[in-house]
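Notes follow once the structure below has been shown.
The values are calculated or read from the model by the stated rules, or taken from the named source; none is laboratory data. Because the structure is predicted, anything quoted here is derived from the model rather than measured. Heads up, the Cβs are rebuilt from the backbone with ideal geometry, glycines too, and the neighbour counts pull from every protein chain shown. All accessible areas refer to the heavy atoms of the entire protein, side chains included, with ligands and DNA or RNA removed. Shrake-Rupley method; radii C 1.70, N 1.55, O 1.52, S 1.80 Å.
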Amino acid sequence: MLSVISNYEVLGDLTRKFNIPFHYLPHADRSREAHEAEALAVLAQYQPDFVLLAKYMRILTSNFMPHYSNRLINIHHSFLPAFVGASPYAQAYARGVKIIGATAHFVNEQLDQSPIIAQNVIPIDHTQSAHEMAQAGRDVEKIVLARSLRMVFDEQVFVHGNKTVIFD
C-alpha cells in the first residue's frame, strides 16, 4: 500500500486527492531519534517493501537503517557535492553548468555514498534561466526515478557491496 510521510504539511492536500494516506511528522524541536522513531511507527503500519525518500534532507541514523537495508531509495539532482544547500540550480546557473542530471540510489548511513541504481543527464545551455534549469532537473529526476523503481520492483537490481548490478 502506498502512503506519504512528510515533514511538510503542504503535501497533504495533494495526496488526499488521490486517496493516498498522508502522515505529517514535523521534525522541528524534536531530536532526530524521536522523529525517526515516529516515522518507523508509521511505516510499521504499512510494512512497505520499499521506502522512497524525496526532499528528505537528513542523514538517517543507525537506529533507522537496519529496518530498511537496501530498501530505502533516494532521488536527487546530480550537482552534489559541487552545489550544496537550498539553491543548487541558481549556483549551477551562475557557474555556467552545461549538463543537468539525476541520481537514484539506495540509502545508507553516509550521505549520498550508497549503491547507485540509475542516473541520467541532459544538456543545457546559456539560454536557459535558473528556473528553466530547475524545471529540466525535475523532468530528468522523474525519468530516473521511474526507471529506478521499475527495475527495483521487477527485481532487476542486485546490491553487491557498495554498488549495484543491473539485469536488463
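Annotations
- Estimated from the Cβ-Cβ distance and a Förster radius of 22 angstrom, the FRET efficiency linking R30 and N162 is about 0.10.
- Within the chain, percent of DSSP bridges classed antiparallel, to nearest 5: 75 percent
- Where a label projected 7 Å from the Cα of K98 along Cα→Cβ would reach, residues of segment 135-149 with amide N under 20 Å: 136-137
- Residues S3 and K142, FRET efficiency given R0 of 25 Å [Cβ-Cβ distance, rounded to 0.05]: 0.80
- Accessible surface area normalised per residue over the chain is 62 Å², counting heavy atoms of protein chains with a 1.4 Å rolling probe.
- Taking all Cα-Cα distances within the chain, those exceeding 21 Å account for 54%.
- One Cα centroid belongs to segment 16-54, the other to segment 135-168; the line between them spans 23 Å.
- Figure note: R32, R150, R95 ranked by solvent-accessible area, largest first, 1.4 Å probe, ligands and nucleic acids not counted: R95, R150, R32.
- Under-5 Å amide H pairs with F83, H placed in peptide plane, nonlocal only: none
- Kirkwood Rh (inverse of mean 1/r, distinct Cα pairs), segment 87-132, angstrom: 12.2 Å
- Where labels lie 7 Å past Cα in the beta-carbon direction, separation of S87 and L53 in nm: 2.6 nm
- More than 12 angstrom apart: percent of Cα pairs within segment 109-166: 72 percent
- Helix-derived mean residue ellipticity, 222 nm - over the chain, DSSP H n ≥ 4, -39500 (n - 2.57), to 500: -10500 deg cm²/dmol
- By the rule of a C-alpha distance below 18 Å, with chain neighbours fewer than 8 residues away ignored, the aspartates and glutamates paired with K17 are E9.
- Amide H contacts of N70 (H built 1.01 Å from N, under 5 Å, at least 5 apart or other chain): V107
- Label-point separation in nm, V42 to E109, each point 7 Å along Cα→Cβ: 2.5 nm
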